[in-house]
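In what follows, a single structure is set out as structure tokens and then discussed.
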Amino acid sequence: MSDYISRADLLSWLEKVSQSRDLVAPVKIEDLTLFQKVERVEDIVFDPGNTDLSPKEFFFPKSEVLFYVDRSDGRVELVPAEVEQETVIFGIRPCDAKGIAVLDLPYLEEPADALYRQHREKTTLVGLSCVSACPECFCTSMGTTPDDASNVDIMLTEVEEGFIVQVVTEKGKALLPEGLLSSKEVSPPAAPSVASVPSEGIAEKMHQVFDSPYWDRLADRCLHCNVCSYVCPTCYCFDVRDLRSGGRVERVRSWESCQSPGFTKIAGGYDPRAAKGPRLRQRFAHKLLYFVEKFGVTHCVGCGRCVRSCPVNIDIREVIQDVQGLGVKSEA
Amino acid sequence: MKRDNPLLPYLATLDEVVDLTPDVKLFRIELNDPEVRESFDYQPGQFVFVSAFGTGESPFGLTSVGYRKGPLEVAVRRVGTVTGSLHDLEPGAIVGVRGPFGNHFPLDEFKGKDLFIIGGGIGFAPLRPVITSILDHREDYGELTILNGARTPSDLVFAPEFDSWAAAPRTKLELTVDAGDESWTGRVALIPRVVAELGFSPENAIAVICGPPIMIHFTLIELKKLGFADSQIVTTLEGKMKCGLGKCARCNVGEKYICRDGPVFTMEQISQLIEQF
Ligand SMILES: Cc1cc2nc3c(=O)[nH]c(=O)nc-3n(C[C@H](O)[C@H](O)[C@H](O)COP(=O)(O)OP(=O)(O)OC[C@H]3O[C@@H](n4cnc5c(N)ncnc54)[C@H](O)[C@@H]3O)c2cc1C
Ligand code: SF4
Ligand code: SF4
Ligand code: FES
């Protein structure tokens, strides 16, 4: 027996949820599917396949005010931003949920990032298992699976006319009213098979091929457009600036990418990563080597977004494959 | 020091601004909250972010010493927007301070050893608290040689302290410039050349170098010729920094974060980094 909810009951529950909280879910916007605050639950996209942008922006927004400077009464006071709004993210896929668990590692490590932690505390994740795999994804090679419920609060798996419900955390339990779920004799569909990449031992291989000319060759066609970082659920570099808005000074943090020229340029003009090769290598070394050394997991969850979005087809699956090969060839 | 929001600066007041050179000013900064002031402790080599609200914040090495409990001091060279805004501030202005961040110079390991402190330009700034600490506890350390170099005589930082440094027991002060002027009677030579000429002995000694990457590069070559091992050479790495907390990933070099694992490294540690900056 499984806990079960019909599609109609699910939608009316979500409707109720949206009355007291921000309900965020995949919706169609022109030809993109994006996580957005939902106005009408009928707009929610349940189709297989992942959103064009990951839901990381609900924890680490593209651009976010950290504090503003209050200069009233001739005094100076800093007023920090606070996250007040309770949010429910519905329809998050296992790879993106894992992506948030990966973001937790640097951001919640002491001293924890205050705003990230507040977003995290105020947000409940309702996941949706993947019953079919996207062509570009490779999650099973990167530490998660299409039905991995370990990084959400509630997990749903689509079956005939409705969904099997797994209540994973207390936070998830608190969101479900008594009597909403029924018991039903259904078993979940078999998890789809996902393309695999040879990720085994990749950190060690990255170490060995760090100085290979491979990186310069690969980077030659990179446009440093930064798209790979912006679509990625785990990329977390940021920039901080002061902006004037409505007559007051705000300190704003925004997404940055290691692919930007000048990302590492210091006073005096010296830039240790001025060339494209070392810059692109930084992306892969951070994901497949440094993060693994520091936190024990890869900094890639295999969502496939960068594969789909890179205008010049720089493909992390191929990079992993190539690196594994380079390690054994003397040509490296 | 623990804070709820490590990206939120402490408010502080510019007590005093001193012109050190035509483009470097020393800022004496008093933290506004007495409790914060009392608990704000730091070691030579650590740094803070200073905010000029409306322009932004930048990292600067602390040039004062924590144990003296006075105002925080940073020496700032005007190079761009934030440093420009700080230079435009008058005493009394409200600024922000975050920190202290980073590791520090291993003064405990310097004890009983001869020390060569070599700084070029504004790179000399983080060395000043090392010198102050040594001179305040002079008997703990061996011979001290200070080499301060700059482009021109007026660019030498901390000139008001030169006399007291030179007069300290078992201490030598060497000054050098790339180009002299009418009144300059001292050395005119690049720092690496002076290091070769002075011929420091590596025996029971430590060399500490800070300065522009190019000066560090050539000074290292000379120190190695003199027989210094990588473990006897201490330096600092600079990186672009936006947080000081190991979060923005801007200062990531190899598996290290300069803001947390550094900025102070021995050459031995640097040579083991997978990526060379
Ligand atoms: C640990 C550390 C200690 C430092 N200590 C001192 C010091 O004691 N005295 C001193 O004068 N300077 C010091 N610096 C350098 C100082 O932080 C930069 O000069 C300053 O950030 C430039 O800011 P700006 O807005 O004026 O420059 P910008 O107008 O932003 O740019 C001018 C140049 O500075 C570079 N730059 C911009 N932001 C940073 C940043 N956050 N870190 C490094 N470079 C940057 C730019 O790439 C550009 O080349 C230190 C830097 C670090 C990392
Ligand atoms: S998306 Fe492709 S072209 Fe753009 S920065 Fe990333 S690797 Fe380079
Ligand atoms: S690196 Fe690419 S495949 Fe991996 S998590 Fe980021 S966007 Fe997805
Ligand atoms: S300054 Fe942000 S990680 Fe080092």
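The values are calculated or read from the model by the stated rules, or taken from the named source; none is laboratory data. Keep in mind that this is a model prediction, so the values were computed, not measured. In this analysis, Cβ positions are derived from the backbone assuming ideal geometry, glycine residues included, and neighbour counts consider all displayed protein chains. Ligands, DNA and RNA are excluded from the accessible area calculation, which covers all protein heavy atoms including side chains. Shrake-Rupley method; radii C 1.70, N 1.55, O 1.52, S 1.80 Å.
Assuming a ≥ b ≥ c are the square roots of the Cα gyration tensor eigenvalues, decide whether region B:107-236 counts as rounded (a/c under 1.5), prolate (otherwise, with a/b larger than b/c) or oblate.
It comes out oblate by the Cα gyration axes.
Exceeding 24 Å between C-alpha atoms, which entries from my cross-link table qualify? They are A:K287/B:K242; B:K25/B:K242; A:K37/B:K247. Display every interim value, and only then the final one.
Numbers: A:K287/B:K242 20 Å; B:K25/B:K242 22 Å; A:K37/B:K247 28 Å.
Flagged as over cut-off: A:K37/B:K247.
In nm, to one decimal, how far is the modelled label at A:S245 from the one at B:R151, with both set 7 Å along Cα→Cβ?
Between A:S245 and B:R151, the simple spin-label model gives 3.8 nm.
Can you tell me the dipole magnitude for the protein assembly as shown around its Cα centre, using point charges on the Cβ only (Lys, Arg +1; Asp, Glu -1), in Debye to the nearest 20? Numbers along the way, then the final one.
Numbers: 65 positive and 87 negative charges, 180 e Å.
It works out to roughly 860 debye.
Please report the relative contact order for region A:95-188, taking Cα pairs under 8 Å with a sequence separation of at least 6, and give it as a percent rounded to a whole number. Display every interim value, and only then the final one.
Values: 100 pairs, mean separation 23.0, N = 94.
Taking the mean separation of contacting Cα pairs over the length of region A:95-188, I get 24 percent.
Could you tell me the accessible area of A:R75 in Å² (1.4 Å probe, neighbours in place), rounded to the nearest ten?
About 130 Å², rounded to the nearest 10.
Counting only other chains, what is the mean number of Cβ atoms within 10 angstrom of the Cβ of each residue in peptide A:264-275? Each step should come with its number before you reach the end.
Values: counts 7, 2, 10, 10, 9, 1, 5, 2, 9, 4, 0, 0.
Partner-chain Cβ atoms within 10 Å, mean over residues of A:264-275: 5.
Rounded to two decimals, what is the ratio between the C-alpha radius of gyration of region A:34-129 and 2.2 N^0.38 Å?
On the way: Rg = 16.3 Å, N = 96, 2.2 N^0.38 = 12.5 Å.
Here the Cα radius of gyration is 1.31 times the empirical estimate.
Sorted from largest to smallest, which semi-axis lengths in Å does the alpha carbon gyration tensor of the protein assembly as shown give for its equivalent ellipsoid, taking the root of 5 times each eigenvalue?
Taking √(5λ) for each Cα gyration eigenvalue gives 52, 29, 19 Å.
Give me the accessible area of A:D3, 1.4 Å probe, in Å² rounded to the nearest 10.
About 70 Å², rounded to the nearest 10.
With each label point set 7 Å from Cα along the Cα-Cβ vector, what nm distance links A:I29 and B:Q276?
4.6 nm
Where does the charge balance sit around A:G277 when Lys and Arg score +1, Asp and Glu -1, over other residues with C-beta under 11 Å from its C-beta?
Values: positive: A:R217, A:R273, A:K276, A:R279, A:R281; negative: A:D211, A:D216, A:D220.
Residues close to A:G277 contribute a combined charge of +2.
Need one value for B:94-107: mean number of C-beta atoms belonging to other chains within 10 Å of its residues' C-beta atoms. Walk me through the numbers before you get to the answer.
Numbers: counts 6, 1, 5, 0, 0, 0, 0, 0, 0, 0, 0, 0, 0, 0.
Per-residue shielding by partner chains comes out at 1.
Where both residues lie in chain B, what percent of DSSP beta bridges are antiparallel, nearest 5? Don't skip to the end; give the middle numbers.
Values: 34 of 58 bridges.
Taking every DSSP beta bridge within chain B, about 60 percent pair in antiparallel fashion.
For the pair A:L223 and A:R71, what calculated FRET efficiency results from E = 1/(1 + (r/R0)^6), where r is the Cβ-Cβ distance and R0 = 51 Å, to the nearest 0.05?
Numbers: r = 42 Å, r/R0 = 0.83.
Efficiency, from the Cβ-Cβ distance: 0.75.
³J(HN,Hα) across region B:164-176 via Karplus (A = 6.51, B = -1.76, C = 1.60, θ = phi - 60°), whole Hz, x for Gly/Pro?
With coefficients 6.51, -1.76 and 1.60, one gets 6, 5, 5, 7, 5, x, 6, 10, 10, 10, 10, 10, 8 Hz.
At what distance in nm do the modelled label points of A:D211 and B:R260 sit from each other, each positioned 7 Å from its Cα along Cα→Cβ?
For the pair A:D211/B:R260, the computed spacing is 2.8 nm.
Ranked from the most accessible area to the least, with a 1.4 Å probe and all protein chains present, what is the order of A:T169, A:T124?
Values: A:T169 45, A:T124 5 Å².
The ordering from most to least exposed comes out as A:T169, A:T124.
What aspartates and glutamates does B:K256 reach when the alpha-carbon gap must be under 13 Å and sequence neighbours fewer than 8 apart in one chain are set aside?
Within reach: A:E293, B:E238, B:E275.
What accessible surface, in Å², does a 1.4 Å probe find on A:S260, ignoring ligands, DNA and RNA and rounding to the nearest 10?
10 Å²
I need the shape label for region A:202-331. Rule: rounded when a/c is under 1.5, else prolate if a/b > b/c, else oblate, with a, b, c from the alpha carbon gyration tensor.
Numbers: a/c = 2.02, a/b = 1.74, b/c = 1.16.
Verdict is prolate for region A:202-331.
Within 10 Å of each Cβ of A:249-261, how many other protein chain Cβ atoms are there on average?
Numbers: counts 5, 2, 9, 1, 5, 0, 0, 5, 0, 3, 0, 0, 0.
Across A:249-261, the average partner-chain Cβ count within 10 Å equals 2.
Of the beta bridges DSSP finds with both residues in the protein assembly as shown, what % are antiparallel, to the nearest 5? Mind dumping the intermediate values first?
Values: 70 of 105 bridges.
If I count the DSSP bridges inside the protein assembly as shown, around 65 percent turn out antiparallel.
Which value, in debye to the nearest 20, describes the size of the charge dipole of region B:10-101 about its Cα centre when Lys and Arg Cβ atoms bear +1, Asp and Glu Cβ atoms bear -1, and nothing else is charged? Don't skip to the answer; put the middle values down first.
Details: 8 positive and 13 negative charges, 52 e Å.
Dipole size: approximately 240 debye.
From the square roots a ≥ b ≥ c of the eigenvalues of the alpha-carbon gyration tensor of chain B, which class results: rounded (a/c under 1.5), prolate (a/b over b/c), or oblate? Could the numbers behind the result be given before it?
On the way: a/c = 1.58, a/b = 1.32, b/c = 1.19.
Prolate shape, in that a/c is at least 1.5 and a/b is the bigger ratio.
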